[in-house]
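The values are calculated or read from the model by the stated rules, or taken from the named source; none is laboratory data. Just so it is clear, the structure is predicted and the values come from calculations on it, not from any experiment. FYI the Cβ positions are ideal-geometry reconstructions off the backbone, even for glycines, and counts take in every protein chain you see.
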Amino acid sequence: MKVSGFTFIRNAILFDYPIVEAITSILPVCDEFIVALGKSEDETYGLIQSISSPKIKIVHTVWDDNLREGGSVLADETNKAFKAISPNTDWCFYIQGDEVVHEKYLPVIKHEMENHLPDKRVEGLLFNYLHFYGSYDYTGDSRKWYRREVRIVRNIPEIHSYRDAQGFRIKNRHLAVKQIDASVYHYGWVKPPSVQQAKQKSFNKLWHNDDWVEKKIPSVNEFDYSSIDSLTSFNGTHPEVMQPRIQAINWKFSFDPTQKQFTFKQKFLRLVEKLTGWRIGEYKNYKII
């Protein structure tokens with residue numbers, strides 16, 4: 001069984017992406033790792049090189065910033081990395097620049113890839129998600145956060161990244177997937193407040209024109225983490241590769257998890273989900289088999 005990791009990145013230092021942690025967290029289960037490296041305004045190239053692994057293969061790209069419909073430039077960059085994967089690869093392990101996998105899940109992930117490899121009906125593997133917010137001590141627990149997404153797919157040429165690179169499609173239909181007992185730790189909402197605010201302006205330009213960004217994104221120096229509807233305390237352990245970053249945190253964020261800011265409708269939907277596990281109206285870019 002051959003496994004290829006793949007990702008895309010641009011301006012990782014400027015916007016404080018844990019891209020090195022993302023790559024190294026899954027590198028042990030990968031035989032090669034493709035990085036679609038967009039033309040950057042910082043030393044992202046040197047940062048990727050610092051990983052110093054013979055598994056790393058860099059593909060230099062230029063982002064088409066005119067692809068603003070639904071953030072499709074992100075899917076375009078994902079596809080560039082996917083197309084560079086070796087043709088004899090069996091499974092393709094995708095990870096974004098702000099996602100990290102805990103080392104405790106690697107044996108499970110490897111086992112699931114081996115177990116499902118003979119079953120050609122299985123086109124991908126579905127992961128659970130933890131979305132950290134404000135600091136490394138809280139995760140989002142409202143309906144605004146997606147619960148699951150596909151992060152391992154077969155090496156089938158017809159598979160492509162969909163919309164803003166959240167998931168995948170094959171010939172414009174949902175992938176048939178198996179859910180596995182492993183989680184992705186999403187750290188995109190844990191950055192210094194000044195960096196988070198700068199990222200919001202830059203990132204939203206992938207969806208909207210400059211006028212929209214100027215009107216909708218506040219012209220302030222720091223992002224206001226306090227304007228969030230609901231969080232829960234995280235009492236687990238973070239991936240080992242994240243420990244230096246966690247110890248270097250230089251801002252404080254505190255939140256009372258008992259304080260929920262929900263409308264009546266949101267409270268009702270939340271109750272249904274708690275009692276039944278059914279998230280009414282949940283978007284699913286996959287088909288569990």
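For L74, state whether it is farther than 23 Å from I109 by Cβ, of a type outside the set (D, E, K, R) and surrounded by 15 or more Cβ atoms within 10 Å (Cβ to Cβ). Lay out the reasoning, then the answer.
Details: farther than 23 Å from I109 by Cβ: yes; of a type outside the set (D, E, K, R): yes; surrounded by 15 or more Cβ atoms within 10 Å (Cβ to Cβ): yes.
Judged against the criteria, L74 is a match.
Give the residues of the range 108-160 that are modelled with pLDDT under 95 and among the polar types (S, T, N, Q), sorted by residue number.
Of everything in the range 108-160, just one residue is modelled with pLDDT under 95 and among the polar types (S, T, N, Q), namely S142.
From the list K178, K199, K191, which one is of a type outside the set (S, T, N, Q), in a strand (DSSP E or B) and closer than 21 Å to V100 by Cα? Full working, then the answer.
On the way: K199 fails: in a strand (DSSP E or B); K191 fails: in a strand (DSSP E or B).
None of the others qualify; the one that does is K178.
Please enumerate the residues belonging to the range 5-40 that are assigned to a strand (DSSP E or B), under 13 Å from the mean Cα position of the chain (by Cα) and not β-branched (V, I, T). Before you say what the answer is, go through the steps one by one.
Start the filter on the range 5-40 by keeping residues that are assigned to a strand (DSSP E or B), which leaves 5-9, 32-38.
If we keep only those that are under 13 Å from the mean Cα position of the chain (by Cα) too, we end up with 6-9.
Across the range 5-40, the qualifying residues are F6, F8.
Give all pairs with beta carbons closer than 8 Å in which a residue from the range 75-97 that is more than 18 Å from Y17 (Cα to Cα) and assigned to a strand (DSSP E or B) meets a residue that is at pLDDT 95 or above and of a type in the set (G, A, S); count only pairs at least 6 apart in sequence or on separate chains.
W91/S4; C92/S4; C92/G5; F93/S4; F93/G5
Any idea how many residues of the range 173-227 are among the hydrophobic types (A, V, I, L, M, F, W, C), closer than 17 Å to I249 by Cα and in contact (Cβ under 8 Å) with a residue 40 or more places away in the chain? Spell out the reasoning first.
Just the residues of the range 173-227 that are among the hydrophobic types (A, V, I, L, M, F, W, C), to begin with: 175-177, 180, 182, 184, 189-190, 195, 198, 203, 206-207, 212-213, 217, 220, 223.
Checking which are closer than 17 Å to I249 by Cα leaves us with 189-190, 195, 223.
So of that shortlist, the ones also in contact (Cβ under 8 Å) with a residue 40 or more places away in the chain come out as 189-190, 195.
Residues in the range 173-227 being among the hydrophobic types (A, V, I, L, M, F, W, C), closer than 17 Å to I249 by Cα and in contact (Cβ under 8 Å) with a residue 40 or more places away in the chain: 3 in total.
Among the residues of the range 52-73, write down those that are outside any loop (DSSP other than H, G, I, E, B) and over 14 Å from H208 (Cα atoms). Steps first, answer last, please.
The initial filter retains those residues of the range 52-73 that are outside any loop (DSSP other than H, G, I, E, B), namely 56-61, 69-73.
Passing the criteria: I56, K57, I58, V59, H60, T61.
Can you tell me which residue among V153, V108 is among the β-branched types (V, I, T), touching a residue at least 60 places away in the same chain (Cβ under 8 Å), surrounded by fewer than 17 Cβ atoms within 10 Å (Cβ to Cβ) and within 22 Å of E32 (Cα to Cα)? Please lay out each step first, then the result.
Values: V153 fails: surrounded by fewer than 17 Cβ atoms within 10 Å (Cβ to Cβ).
None of the other options fit; the residue is V108.
What pairs come up if the first residue lies in the range 264-289 and is in a helix (DSSP H, G or I) and exposed (fewer than 11 other Cβ atoms within 10 Å of the Cβ), the second is modelled with pLDDT of 90 or more and among the polar types (S, T, N, Q), and their beta carbons are under 7 Å apart, counting only those six or more places apart or on different chains?
Final answer for the pair search is none.
Among the residues of the range 231-243, are any farther than 25 Å from F15 by Cα and in a loop (DSSP other than H, G, I, E, B)?
Start the filter on the range 231-243 by keeping residues that are farther than 25 Å from F15 by Cα, which leaves 232-233, 235-236.
Right, trim to in a loop (DSSP other than H, G, I, E, B) and you get 235-236.
Scanning the range 231-243, I find at least one residue that is farther than 25 Å from F15 by Cα and in a loop (DSSP other than H, G, I, E, B), so the answer is yes.
Has the range 232-243 got any residue that is more than 22 Å from the chain's Cα centre (by Cα) and surrounded by 15 or more Cβ atoms within 10 Å (Cβ to Cβ)?
Here is the first cut: in the range 232-243, the ones more than 22 Å from the chain's Cα centre (by Cα) are none.
No, the range 232-243 contains no residue that is more than 22 Å from the chain's Cα centre (by Cα) and surrounded by 15 or more Cβ atoms within 10 Å (Cβ to Cβ).
One line per residue, one yes/no per condition, for (1) closer than 24 Å to P28 by Cα; (2) in a loop (DSSP other than H, G, I, E, B):
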| residue | (1), (2) |
| --- | --- |
| V100 | yes, no |
| K110 | yes, no |
| F127 | yes, no |
| L130 | yes, no |
| W145 | no, yes |
| E149 | yes, no |
| I156 | yes, yes |
